[in-house]
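This report concerns only the one structure given below.
Read-outs: derived from the displayed coordinates by stated rules, not from any lab. All values derive from a computational prediction rather than experimental measurement. A quick note on method: Cβ atoms are made from the backbone with ideal geometry, for glycine too, and the neighbour counts reach across all protein chains shown.
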Amino acid sequence: MRISEERLSLALEGTATGSWEWEIKADVIRWSEMVGPLHGLERGAQPGPFDEYVAQVHPEDRERFTAAVGRSVAEGLDYELEFRVVHPDGQVRWLWTRAHVLADDSGATSLLIGLTSDITKRKQREDTLEFIAQASAALAGLRDPVTALEQVAELAVPRLADWCVVQLLDDDSGLRNVAVAHVDPEKVRWARALEARYPPDTTAPTGAPEVIRTGRSEIYPEIDDDLLVAGALDAEHLEILRQLNMRSAMIVPLVARDRRLGAISFIATADSGRQYVTAHLEAAEELGRRAGLAVDHARLFDREHRTAETLQRALLPSSLPDLPGYAVAVRYLPGTQGDAAASDFYDAFALPGGSFGIVIGDIVGRGIAAAATMGLVRNALRAYAVFSNGPGEVLQRLYGMIDAYGDVPFATVLYLVFDPATGRATYATAGHLPPLLVGAGRSEYLTGRPCPPLGSPTPASCAERAVELTPGSTLVLYTDGLVEDPRKPLEEGLRQLARAAEQPAPDLEALADRIVADHTALRVRPDDIALLALRRDA
């Protein structure tokens, strides 16, 4: 028996596992030698009664702990539980315990016996893996570099740090803080003020500048006063550093495609009791790699988006023709959501005989290729308009051109020929939404039978429809980004446009502003918006 007990004791010692028992009626708990250190106490320490032991359990876990024990006593059931305890020095540790129930002769639970071990490292690994997965998911869809880095800092606090600073390498200003997060929001303002007073020294032999230069992480398991003195720039700086109450720190590079973009600093304060070790550094480095890729992708997206938008705007008319007796207003709002700029467009140009061609369209697709297609369709339409007898024939020629190219994406187009002398307009549409005619406080969508979108099989003919602008009336042409919302029926968007257009406005520019006002206020627009309004003077 003694040999068996010694073997068991050695096995428990080797796995840092302690055994315990609780005499329920007497409310006496006895620990083996190893249980005391698991609670931050000396080896061989013994606890008080059950209620005193529960006081050591983390406040967020007490209800769950007491419920499990109470159910075990009441129903005679064994249990297994993971919970946190708070050591006398404030350190928080995770424990695992398994309990077995012993009953007396009457069948009532009289004794609980069990094993307990520290699982803090395993819980930290699990938490780290979960944190990295959540960070990756959060970063995956971000298209703005600064937003991506702010997300990194916010995710790191308090999961991985009490204070997180993300610095980005800037060609113009060297190193700049782009994101700061702290468990205490007031400290964020303090950190930014500290940066303004003591900007990063890009020649420093340690810290973020050195990490960025070499690509090698730095870890400071314990920050003592000597380290603060070595890093302080002057007496006031030293006093500020001391007030920050830093206990441990690590700095990792932001890396993407073998390029170092910046650095992330993780700081633990004495208040949390966190102290960084190799496992924490590995997690931080993985976050740095994933954040670096997110920033790199965001920069690439931003560059392509701006290139496509620049090309798109360059292909739009720089000015509109002057129509005596009429006012023309246009608005163009590029979409801010998606992989690249889309390709809505408008145009207005003079035709032989004194009439004018007016166009609005939408190329299906995004990016530079779609913008180039928009330029192709716009220029081809202008050329066909000069040699065709009406808008229907112009669209027929466009179908033929796209058939010849073969790989042009779908597009919707509305082409209108307008005679300013009479106010009469003739138009045809290729899959585009109907124009809106507004007059005397009332509005009407000019529905008809449109041809299919460009890129579809060429129809036999495209029907034309005529409309007359009487004095004071307005014709509104638009793209689907103005009226489509995935959360609402299309009819609701069309009604909203009609209500906005019916309201009195001092001039056509004010009307155009009102129509797009709701969309201008949105930070994220899922699609481009193009609007062209034509009003006949009263």
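Some observations on this one:
- Dividing the mean sequence gap of close Cα pairs (under 8 Å, 6+ apart) by how many residues the stretch 316-536 holds gives a relative contact order of 27 percent.
- Rounded, prolate or oblate (a/c below 1.5 giving rounded, otherwise prolate when a/b exceeds b/c) for the stretch 316-536 by Cα gyration tensor: oblate
- Working from label points 7 Å from Cα in the Cα-to-Cβ sense, the Arg303 to Thr470 distance is 5.8 nm.
- Overall form of the stretch 2-118 per C-alpha gyration tensor (a/c, 1.5; a/b vs b/c): oblate
- Normalising the average separation of contacting C-alpha pairs (under 8 angstrom, six or more residues apart) by the number of residues puts the relative contact order of the stretch 2-118 at 26 percent.
- In the chain, helical runs assigned H by DSSP with n ≥ 4 each contribute -39500 (n - 2.57); averaged across all residues and rounded to the nearest 500, the mean residue ellipticity at 222 nm is -12000 deg cm²/dmol.
- Environment charge at Pro489 (Cβ cut-off 14 Å; Lys +1, Arg +1, Asp -1, Glu -1): -2
- Charged-residue dipole, Cβ positions (Lys, Arg, Asp, Glu), the chain about Cα centre, Debye nearest 20: 1800
- Top positive-direction residue, dipole computed over the chain with Cβ charges, set Ala411, Gly36, Leu228: Ala411
- Angle in degrees between helix 2-14 and the longest Cα principal axis of the chain, rounded to the nearest 10: 30
- Rounded Å value of the spacing that divides the Cα centres of the stretch 441-493 and the stretch 343-361: 16
- Relative packing of peptides 350-356, 390-396, 101-107, 181-187 - highest average C-beta neighbours within 10 Å first: 390-396, 181-187, 350-356, 101-107
- The mean sequence separation of alpha-carbon pairs under 8 Å and at least six residues apart, normalised by the residue count of the stretch 123-306, gives a relative contact order of 26 percent.
- For the stretch 495-515 and the stretch 382-407, distance of Cα centres in Å: 33
- Panel order for Met401, Met250, by other beta carbons found within 10 Å of each beta carbon, from fewest to most: Met401, Met250.
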